1. Which of the residues spanning the stretch D:249-308 are farther than 17 Å from A:Ala302 by Cβ and among the basic types (Lys, Arg)?
2. Can you tell me how many residues within the stretch B:273-305 are without any contact (Cβ under 8 Å) to a residue 40 or more places away in the chain and surrounded by fewer than 16 Cβ atoms within 10 Å (Cβ to Cβ)?
3. Could you say whether any residue in the stretch A:272-290 is more than 25 Å from the chain's Cα centre (by Cα) and more than 9 Å from chain D (Cβ to nearest Cβ)?
4. State all residues of the stretch D:114-133 that are assigned to a helix (DSSP H, G or I) and free of Cβ contacts under 8 Å to residues at least 12 places away in the same chain; if no residue qualifies, say none.
5. Which condition from (1) assigned by TED's automatic domain parsing to the domain that holds A:Leu10; (2) surrounded by fewer than 18 Cβ atoms within 10 Å (Cβ to Cβ) is the one that A:Ala185 breaks?
6. Across the stretch B:268-311, what is the total count of residues that are modelled with pLDDT of 90 or more and among the acidic types (Asp, Glu)?
7. Restricting to the stretch B:295-311, count the residues that are in a helix (DSSP H, G or I) and either of a type in the set (Asp, Glu) or facing chain C (nearest Cβ under 7 Å) (or both).
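The values are calculated or read from the model by the stated rules, or taken from the named source; none is laboratory data. This structure is a prediction, so every number in the text was calculated from the model and none was measured. All Cβ positions, even for glycine, are placed from backbone atoms using ideal geometry, and neighbour counts span all protein chains on display.
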Protein chains: 4
Amino acid sequence: MDDRETISYLGPAGTFTEAALKLAPQAVGKTWKPVLNVLEALQDVQAGTSCAAMIAIENSVEGGVTASQDALATMPGLRIVGEYIVPIRFSLAAAAGTALDAVRTVAAHPVAYGQCRLWLNRMLPGHVHVPAASNVASVDLVLANEGAQRLADAAITTPFITDHRDVAILASDIQDNGNARTRFALVTMGTELPERTGRDKTSLIVELPEERPGGLLSLLEQIAARGINLSMIASRPIPQQPGRYRFVLDLDGHLHDARVRDALLGIRRLSPAVTFLGSYPRAVASTVPVPSAYSDENYQAAAQWLQGLER
Amino acid sequence: MDDRETISYLGPAGTFTEAALKLAPQAVGKTWKPVLNVLEALQDVQAGTSCAAMIAIENSVEGGVTASQDALATMPGLRIVGEYIVPIRFSLAAAAGTALDAVRTVAAHPVAYGQCRLWLNRMLPGHVHVPAASNVASVDLVLANEGAQRLADAAITTPFITDHRDVAILASDIQDNGNARTRFALVTMGTELPERTGRDKTSLIVELPEERPGGLLSLLEQIAARGINLSMIASRPIPQQPGRYRFVLDLDGHLHDARVRDALLGIRRLSPAVTFLGSYPRAVASTVPVPSAYSDENYQAAAQWLQGLER
Amino acid sequence: MDDRETISYLGPAGTFTEAALKLAPQAVGKTWKPVLNVLEALQDVQAGTSCAAMIAIENSVEGGVTASQDALATMPGLRIVGEYIVPIRFSLAAAAGTALDAVRTVAAHPVAYGQCRLWLNRMLPGHVHVPAASNVASVDLVLANEGAQRLADAAITTPFITDHRDVAILASDIQDNGNARTRFALVTMGTELPERTGRDKTSLIVELPEERPGGLLSLLEQIAARGINLSMIASRPIPQQPGRYRFVLDLDGHLHDARVRDALLGIRRLSPAVTFLGSYPRAVASTVPVPSAYSDENYQAAAQWLQGLER
Amino acid sequence: MDDRETISYLGPAGTFTEAALKLAPQAVGKTWKPVLNVLEALQDVQAGTSCAAMIAIENSVEGGVTASQDALATMPGLRIVGEYIVPIRFSLAAAAGTALDAVRTVAAHPVAYGQCRLWLNRMLPGHVHVPAASNVASVDLVLANEGAQRLADAAITTPFITDHRDVAILASDIQDNGNARTRFALVTMGTELPERTGRDKTSLIVELPEERPGGLLSLLEQIAARGINLSMIASRPIPQQPGRYRFVLDLDGHLHDARVRDALLGIRRLSPAVTFLGSYPRAVASTVPVPSAYSDENYQAAAQWLQGLER
């Protein structure tokens, strides 16, 4: 097996993370290697035993969002090359022939279980929760034994489970929040950037040089002063430095946009502790227009004007 | 049982959340009611069946951070009255007499399991993971049966477990990251504010009125323009409005500080969709000094000057 | 003569400053006292020998703009109660019967002379300039003697001169710049503010507490952060402190607008060295709309919200 | 006479403007051509009949500051290559043998006269003012005739007058304000920049693209966001567009400083209507330090970092 052809992901097959892989053109034809958590997936990439990892970076029900952010901040050389959004929908699965009103025990990953409480309270009052390590492991608990030996009567799982396990779906869309979505990122060690598409995103992690009122403002001014929209921001405590924070940022635009290069230069001058995590196509196009003052054309016009000042 | 005397928390007894309760003066003498997740705890408070809930709001290993943020944004009337920080330290516990090298199966909540991978790989190579619903349920799996019937040989659990279960500690501080800490908040429905201590924090959730480059900057300017330090910020997608975000913010200072009142007024004028989550003593004092221009005294001096302009 | 009924102005009668007085409703029925310069006019007001002074504050052809700014900054208690704009138009006047082509010598205030150079070069090449102390004194030089004794054949003067002197106009609108206008201010010692009209202006002079990059920006942020348009700004060196500057500012709005009060408070907190020069109706209505976030209504809504946080 | 060897200035010899010329190394060995006003001096430069003009740009007692600003904004191709500061000190001069108490009439340029009012009121009460076209022409009125024919007994003039006219100084330093200074600029049509000295200044004139609250702030942010101190700002009404303003700005630094180039690019993108008036050594070194984040070294470090992102 050629390592350059393997992608690590939070497994096993059938998870939401695997669903994200199915959305990624770069994953087609590669070997998909299920691992136990985000850190393991990223370590495979750093070690070169996988060419990429798919990890959750927002709103995950499979865990790992802050772990992902902290890993990207501290493991050098990682680059995001694409993002993918998977709607979070849960199904209740059971062995063929099981009726809903016969379900007494429900296997579920604790987070998934938490997201289906309203439905469970209404439809299965008095059931018992059997914890599972993942949204697929829950099904395996149901299938492990039969009859009275069963560890669980039914399992909370993903809608894709029927591709992987021989189960019947007792109920679909049982999640409390109908709009939940998880954002995933495909991460590599390469330095080649995905081509600019015009609807791109650039991810950064920045530590401020000092704590003072307005410190974050100075950072964000470097972005706003170039007409760039910020689509995500999160402060993360720096473990070794109590009271200090680093900032995880997503900007609209690509490193090949003049305004983004300009903003990166401004941020880097303000703080040498900046990590560029990549420029890549957005999963959902931004609805925030770029002011014409910050177009590539206007950057070029200004540069020509400046050059013309000294002839 | 008087409901006003009950506090809900993510149980069972022995969790990190219970450890946070032990730090809260307001919790002394109350009944502590273990519940299954953050939402349930907050619903108890809203329903009035508990007077308060202790929930994780940063860096949790027991889940619930983004769930907490989203619940605080959407469940009206909640107020934070205190914050508490618990270091995240894991122990490996087993029935008395179990030797470390006899451990083949390890019960653990999936997140806790993920945080001890390095130690487990080094000390217990080849072990099998048995998922548990919490850092206490893991121990119960060990204690449920004996001998060959045991569901797990050892459990990853909190350092406080020996107060609650009769187990022996095989190893302490087995977590990969020695500096991890979880921040908890005590949440009520009251509108009485904790007294100003001089080292306070104010929490807000704000939705911007429109998406445009610099929109977040306008918001943060309202804070920085009053010399106020921002100690936490996180954007959270608004589920019903794809592409739009709300911002969870922690400011240094108390609603009774003139500069904080002034900043809140400025934010409210900018965006009517602002939720005040409370002012309360910080768990760790801020190291960021307030410029003298923004002292209460200087607010008063300016107000007097303005009044003097028209006599 | 009741001193409260006298207004000092840069005389003599027939100047542009007198034309500004004719525009001021407050000047009707008062005694108009011509003086020699701006400082003298303001000293009359401070001494109480006049109730008001009319002074040029922008673009003057009769001198005194920076002198006015510096006097307003250093003479305590002065307040602007109205502004008036007079177009700067010059005429060439002579004794009845003088033909244009007979003019060899032209009496003119040096500044007025400078503003009519193009016309003079074209129409009266080879003429000689005879300096005069004012745009009226120039005419007096023409009228002082007759025939060969004449000190000047013609005078550059204001269009209103025929109301005051018995001269013929040889040419009108001889100024080089057809759009020049001078802005005048009526200044008193009172503290009663002119009523808010909805198209008002507020004038300030501010010294920054320290010299640093962005110092002026902090000041202007206090204004922009309240949605207020700045219609004039000028830095003026502080004579006693080489390298330091004070700033003369005109804002859109009235002290009775909540946003203006709020901005003044913010400026005063930033710098105790702020002089409020008054709120008064603009001579020309601003074309810059106020964002609705900064309306009085929204200020009130925000204040009510804040009050509601503690019940 | 080689035109490239002539410098025009507000004459005649003996004025403060001539004193500024004496401070300029570039003026040594050139022919100094006295002209009647700023516009004429600048027209000589544009026409190529002079290689440079010395004009007052701040606080002038010889007139012309706003005229200078407006001319620099509208006459294309002009560049400032140096600035010079002359203290404003006035003397009272008379023909040899005249005693101070015999002075009844005082010749003076109207502005100079206004600046010596306190001394005149105290020392020469009851004197009569005879207007003069300049601070040298005043002396010529004294010297024109003798005895009873004299047009004036004494003249207010510059301290340098004795180099040019045969007069006696009756009193020195008679100006009301002991700290007044005029700033002059030497203006050319060349595009070669004076070498960077480390204590330079850059002058600009900028029109904002639209009138809105915070428009000026956006402009100044482009400057402050590069750690650059603003040492002068003045808004000037645009004659043809009532209610609109252009801004005259002096920045600390030279076009060859990376931060200044960067700020100019930012300003140019914001507003195409920007006029670069030159970079030249400051007459007085700035006391405002440049933050190290904006040093040339840090600009280079950031550029290298950016380049390294794509290998």
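1. Scanning the stretch D:249-308 gives a single hit, D:Arg282.
2. Number of matching residues: 8.
3. yes
4. Our first condition is that a residue be assigned to a helix (DSSP H, G or I); within the stretch D:114-133, this holds for D:114-115, D:117-123.
Passing the criteria: D:Gly114, D:Asn121, D:Arg122.
5. The one condition A:Ala185 does not meet is (2).
6. 2
7. Count: 8.
Residue-wise test of (1) more than 11 Å from every other protein chain (Cβ to nearest Cβ); (2) over 24 Å from B:Asn179 (Cβ atoms); (3) touching a residue at least 60 places away in the same chain (Cβ under 8 Å).
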site: B:Lys33; (1), (2), (3): yes, yes, no
site: B:Asn59; (1), (2), (3): no, no, yes
site: B:Tyr84; (1), (2), (3): yes, no, yes
site: B:Arg89; (1), (2), (3): yes, no, yes
site: B:Thr98; (1), (2), (3): yes, yes, yes
site: B:Arg104; (1), (2), (3): yes, yes, no
